[in-house]
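**Q** Okay, here's the structure, questions in a sec.
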Amino acid sequence: MTSPVGQPLLEAAGLVKRYGGVVATDEVSLQVQRGEVLGIIGPNGAGKSTLIGLLGGALKADAGTVQFDGADVTQLPAAERARRGIGRTYQIPRPFLGMTVRENLLAARYSLHPFARKADALAACDAVLARTGLADAADLPARTLPLLRRKRLEVARALALDPKLLLLDEVGAGLVDAEVTELITLIRSLRGQVQGIVIIEHVLRVVRECCERLLVINFGRQFAEGRTGDVLASDDVAAVYLGTAGASGSPPQREVAAPMPVAAQALAPALAPLLELKGVHAGYGQARVLEGIDLAVLPGQTVAVLGTNGAGKTTLAQVLSGAIRPSVGQILIDGQAVTGWPPHRIAALGLAQCMEGRRIFAPLSVEENLQLAARRVPPAELAERLERVYTLFPDLKQRRRNAGTSMSGGQQQMLAIGRALMARPRLIVFDEISLGLAPVVMDRLYEALAALKRAGMTMLVVEQDVERALNIADQVHVMEHGRIALSGNAAAVRDDPRLRHLYIGKAD
Amino acid sequence: MPGLELVASGLVGGLLLGGMLALIALGLSIALGVMRLVNLAHGELLVGGAYLGYFLTQATGIDPFAGLGVVAVAMAVIALPLHRLLVAPLAGQGMEAPMMTMFGVSIVLQNLYLLAFRADTRAIDTPYAGRPLQWGPITVPLTYLIGFVVSVVAVAAVHLLVSRTAFGRDLRAASADPVAAATLGVDVGRVHALTFSLGAACAAMGGVLVGTAFSFTPNTGATWLLVSFAVVVLGGIGNVFGTLVAGLTLGVLQSAGALVLGDGYRDLVGLVLFLLALAFRPQGIVAATAR
Amino acid sequence: MSDYALELGFRLLLLISLAEAWNLLAGYGGLVSLGTASFFGVGAYALVGLANQLGVPPALAVPVAGLAAAALAALMSRPLFRLRGLYFTVGTLALAEALRLFMINNTAFGGATGLFLAGDAPSLQSLFLMALALLAVTTLVMALATRSRFSILLRAVRDDEDAAAQIGVRAFRIKLLALVVASWLTGMAGALQALKLGAVEPYGTFGVQWTVAVLSIVVIGGQGLRAGPVLGAVFLVALSELLADWPALHLALNGLILIVVIRFAPQGLAGLPSALAQRRGRR
């Protein structure tokens, strides 16, 4: 480890970024010394990508400063920061689709050295392509690259700038073990060529093997900081990832909602499933995300779908709502095939969804958001449903006339759940409702879910917070790389060592 | 500088015109706000309404303001299949293709009008057409005042529709986040079709007002299109109340420009303001409500 | 060549040049402009000014008049480029209309009647050759623009302006260069038209028909494909000759074809063979 000489390469102080009622970045300060690899980790929705955007210049901070290589770059836009030597990759790769791989790099090269000799520019780009394992794809249109190679292209393109600092935004997501090894080798090889690297990562193996120091972000704030080994060994940090303790700090109540008794589960096969997925493959454009998903939800059951970032959970939720059409396979509701149905018709069948990111309608008030979800309902019935939601979530009643997005993240999540309830659904899909929420808030949300469960609601919970999901679910499926890697009832899965392996990356 | 009467009348006339501008621009605003559709045929839909009003009055002798409802409904009905055939199939292909298609529609309509009705300048006559209204130093045509009242009522009605009804909720949700709206059960395709229809109906009503207050030919659509854009951008896209304020403002400013520079510069003033607004404040001068 | 052929040829050459210039902006730069008429008109008026006031010979006046159009583009670039996507498109339309109205009302530039070109008009033969020269210049410029490093930067901005910024591309300067070049070419075409007509007036030179023509050519012929503008221009000129006696019908048909092509053959005529092959392959 090199000892820092002189000033830090990058220094951010008191960075703040707000979106409406949500504070995405809350007074974050960090330093990157020359020759250092800093890792930034934290659960999904913690504000990591916002932070990269603030450092790279794509986002303007509401407060705080950024110093790079001794100069204040706070007011400089992304292009200027890039020219000074900050290279940044995007979490979801954004290659220039209409150009070849080599041209993507040339764009970076020519923007910095517009009068370079063509031969020199090409040589430099080809060298970078060789280093990032893309030499064979140099003449292919970027559009044809599968997702994983696009990630390499992201890194290559940033490297073509000869940057002093490299900001890597979740390059490891969605890679298999062997590819992660290659990625780690690549990052290590970069150490001599750039003066500093910041790695934002969800795949902890990458940060463990590449970073000297780690910064943990939670709810947009700095949660922990220190040497990699220390941070990863900390129980607090593990809790942040695997599931929070109850707000009081004591282990969460195990029997918040009793899972279906075993006897009932044995009878279950006799009941026809309310929702069924058969052999579903789905993806976006070139990228195939879901590979052969079989899933069934019985009436009154709570099924949890777990998995790390990039495992395909959200794609699954989007397939269920009808936003994405499966390329292969069937979706059945009550035995009726609804594959390829438009979303509003699926909703009409009684499938309600709390979408990831809440998706509250900003131009509508809280009450209007709720009213919208109750389709063609007579006024008396509508008023009754509203009252029920307000009883469940008094916070919403207080703010019924306010704009939907003016509330905190937790309250917006309550609104999203309330919206789902207004439709009197037969099945609710909860897509990552715990994202970026404080434990106290999550307690309340899951109490509400438990109440729903007791009332007999059928639920599919897609969740990042493993503990909470296991507490409420009857049946659990754990996804990895677009497939279901582990299934069983909640108790069985909880005790399975493979669960921790899938998340943290090493069996205990 | 012209005398007090001229200035006062000019400004008040401008205000009344501005009210009409709001209705004229409204259809464009909601189509843009809800469907992200740049309706380059807006001017031709307006002129179409003018022709409808003209022939309705000619055939039945009914007062054009009284026949406004008929014209609106007729245009709404015509607009539905137009949307279904031309715009709906292009959904999900970005904004360029529908915009160019509407450009094509505007050319087709302009020349259809030319072929069917020839290039004659027409105006919708009313028995009180020439009668001025006098109030102190201010003199304005009566038709301006009636047009103003009609416009404000229509704009208010649309505002109520958008802010108080279930359809209005669906419309606002579909414009903010169509994917989420669909997941919650909103038939976004239907919302778009009805929005387009509503926009066309507003344009048609505006056309009748233009026909009574001024005159029209098959080609006058282009100028009204651009003035409408000016109002839409100044008022904030999709903001009904903003459209009203922007219309009034633009009407007054245009009249002021005409007073100072000469009547031929009226439209030019509007366009220059438009370009300035685009450059410095594309989100509009009126802050959107409910934020 | 007969006079008729020269006339037709002149029109064709002019339209192809205009279409190529538009394609540079829209196809390669992602900047869809409906303001062709602005630069066309400025070029036309500038030529008359140069010839009448300063006695500049045509061969020199045409490129200089084009520069006047380029100067307008540079002037309007800051406000125009603050606009993204559809705002930009509408902004260009407004600019064209504003200029037209300004010219109609401004007596310094001849008002609604316009200005006449002093001196003798060049022969049809030399006009044709000048148009040919313009096309040659345009083709050269397009070849340079589409094969050079500038093309890479421009396409990067078109594909993803934010990602381009992230790798240091100063998008404004790139877009400015594209706009200035395209408007120079467009201005020269306008200057040639002024030379041919021997007069300029607002409706003909700043009117929307030039924008319509260019749009039709590119959409019908095929955007971004080399053969596109040529096919489109030939088709358009042929159509207008066929329906020369029925101008309104011609334009209406023009619009209808535009709508149909957008809907059913978005690749245009040039892309038709591959589109048909795809369809057959699916069956």
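The values are calculated or read from the model by the stated rules, or taken from the named source; none is laboratory data. The structure displayed is predicted, hence computed values, not measured ones. Because the Cβ atoms are built from the backbone with ideal geometry, glycine has one as well, and the counts that use them run over all protein chains shown.
**Q** With the structure loaded, tell me whether A:Leu106 is surrounded by 22 or more Cβ atoms within 10 Å (Cβ to Cβ), at the interface with another protein chain (Cβ under 9 Å from one of its Cβ atoms) and of a type in the set (A, V, I, L, M, F, W, C) or whether it fails that test.
**A** Yes; evaluated as a whole, the condition is true for this residue.
**Q** On to the next question. Can you pull out the residues in segment A:406-430 that are hydrophobic (A, V, I, L, M, F, W, C) and in contact (Cβ under 8 Å) with a residue 60 or more places away in the chain? Step through it out loud before you land on a result.
**A** The initial filter retains those residues of segment A:406-430 that are hydrophobic (A, V, I, L, M, F, W, C), namely A:407, A:414-417, A:420-423, A:427-430.
Those that are hydrophobic (A, V, I, L, M, F, W, C) and in contact (Cβ under 8 Å) with a residue 60 or more places away in the chain: A:Met407, A:Ala416, A:Ile417, A:Ala420, A:Leu421, A:Ala423, A:Leu427, A:Ile428, A:Val429, A:Phe430.
**Q** If a residue counts only when it is closer than 30 Å to C:Gly27 by Cα, at pLDDT 90 or above and within 21 Å of the chain's Cα centre (by Cα), which helices (runs of 4 or more DSSP H) contained entirely in segment A:90-195 have at least 1 such residues?
**A** A:147-159
**Q** Now, a different point. Under the condition of being among the aliphatic types (A, V, I, L, M) and in contact with a Pro (Cβ under 9 Å, 6 or more places away or on another chain), which residue from segment A:449-476 is nearest to A:Ile417 (Cα to Cα)?
**A** Per the stated criteria, the residue is A:Met457.
**Q** A follow-up question, please. Give segment C:102-141 a look and list any residue that's touching a residue at least 60 places away in the same chain (Cβ under 8 Å), more than 23 Å from C:Leu60 (Cβ to Cβ) and either assigned to a helix (DSSP H, G or I) or among the polar types (S, T, N, Q) (or both), or say none.
**A** C:Met103, C:Ile104, C:Thr113
**Q** Going through segment C:258-279 one residue at a time, which ones are under 23 Å from B:Leu114 (Cβ atoms) and facing another protein chain (nearest Cβ under 8 Å)?
**A** Answer for segment C:258-279, where residues must be under 23 Å from B:Leu114 (Cβ atoms) and facing another protein chain (nearest Cβ under 8 Å): C:Leu258, C:Ile259, C:Ile262.
**Q** Continuing with this model, one more query. If we keep just the residues of segment C:71-87 that are of a type in the set (A, V, I, L, M) and modelled with pLDDT under 80, which is surrounded by the most Cβ atoms within 10 Å (Cβ to Cβ)?
**A** Restricting to residues being of a type in the set (A, V, I, L, M) and modelled with pLDDT under 80, the top hit is C:Leu83.
**Q** Of all residues being crowded, with 17+ Cβ neighbours inside 10 Å and part of a loop (DSSP other than H, G, I, E, B) in segment A:325-338, which is nearest to the other protein chains (Cβ to nearest Cβ)? Just the residue, please. Break it down stepwise before answering.
**A** The first filter runs over segment A:325-338 and keeps only residues crowded, with 17+ Cβ neighbours inside 10 Å, leaving A:326, A:329, A:331-333, A:338.
If we keep only those that are part of a loop (DSSP other than H, G, I, E, B) as well, we get A:326, A:338.
Working: A:Pro326: 16, A:Val338: 14 Å.
Going through the qualifying residues, I end up with A:Val338.
**Q** Further question on the same structure: Output the residue which, of all residues in segment A:350-374 that are farther than 17 Å from B:Val179 by Cβ and touching a residue at least 40 places away in the same chain (Cβ under 8 Å), is nearest to the other protein chains (Cβ to nearest Cβ).
**A** A:Gln371
**Q** Can C:Ala68 be described as part of a helix (DSSP H, G or I), more than 9 Å from chain B (Cβ to nearest Cβ) and crowded, with 16+ Cβ neighbours inside 10 Å?
**A** yes
So that you can scan it fast, the table gives a plain yes or no per residue for (1) small (Gly, Ala, Ser); (2) at pLDDT below 85:
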| position | (1), (2) |
| --- | --- |
| A:Gln411 | no, no |
| A:Ala416 | yes, no |
| A:Met422 | no, no |
| A:Val429 | no, no |
| A:Ser434 | yes, yes |
| A:Ala455 | yes, no |
| A:Val461 | no, no |
| A:Gln464 | no, yes |
| A:Ala473 | yes, no |
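**Q** When you scan segment B:94-105, do you find a residue that is surrounded by fewer than 19 Cβ atoms within 10 Å (Cβ to Cβ), within 14 Å of chain C (Cβ to nearest Cβ) and not in a helix (DSSP H, G or I), even just one?
**A** Yes: one or more hits.
**Q** Would you point out the residue of segment A:109-139, among those that are surrounded by fewer than 21 Cβ atoms within 10 Å (Cβ to Cβ) and either polar (S, T, N, Q) or in contact (Cβ under 8 Å) with a residue 40 or more places away in the chain (or both), that is farthest from the other protein chains (Cβ to nearest Cβ)?
**A** Among them, the one singled out is A:Gly133.
**Q** A follow-up question, please. Could you grab me the full set of residues in segment C:218-235 that are within 13 Å of another protein chain (Cβ to nearest Cβ) and out of contact with any Phe, Trp or Tyr (no Cβ under 8 Å at 6 or more places or on another chain)?
**A** Result: C:Val219, C:Gln223.
**Q** Same structure, new question: Of everything in segment C:217-229 that's in a helix (DSSP H, G or I) and over 14 Å from C:Val32 (Cβ atoms), which residue is modelled with the lowest pLDDT?
**A** C:Gly228
**Q** Next question. For residues that are in a strand (DSSP E or B) and modelled with pLDDT of 90 or more, tally how many sit in segment A:1-26.
**A** Taking segment A:1-26 and keeping what is in a strand (DSSP E or B), we get A:10-19, A:22-26.
With modelled with pLDDT of 90 or more added as a condition, the list becomes A:10-17.
Count: 8.
**Q** With B:Ala76, B:Ala72, B:Ala88 as the choices, which residue is crowded, with 19+ Cβ neighbours inside 10 Å and either closer than 25 Å to B:Thr195 by Cβ or touching a residue at least 12 places away in the same chain (Cβ under 8 Å) (or both)?
**A** When all the criteria are applied, what remains is B:Ala72.
**Q** Could you please give the count of residues in segment A:58-77 that are farther than 20 Å from A:Val22 by Cα and touching a Lys or Arg at 6+ places or on another chain (Cβ under 8 Å)?
**A** Number satisfying all stated conditions: 5.
**Q** Please determine whether any residue of segment C:134-151 is assigned by TED's automatic domain parsing to the domain that holds C:Gly41, closer than 21 Å to C:Val48 by Cα and crowded, with 18+ Cβ neighbours inside 10 Å.
**A** Checking segment C:134-151: at least one residue is assigned by TED's automatic domain parsing to the domain that holds C:Gly41, closer than 21 Å to C:Val48 by Cα and crowded, with 18+ Cβ neighbours inside 10 Å.
**Q** Name the helices (runs of 4 or more DSSP H) wholly within segment C:145-213 that hold at least 2 residues that are in contact (Cβ under 8 Å) with a residue 40 or more places away in the chain?
**A** Here the list reads C:149-159, C:171-197, C:202-205.
**Q** Also: For residues that are more than 23 Å from the chain's Cα centre (by Cα) and either in a helix (DSSP H, G or I) or more than 7 Å from every other protein chain (Cβ to nearest Cβ) (or both), tally how many sit in segment B:174-188.
**A** Result for segment B:174-188: 7.
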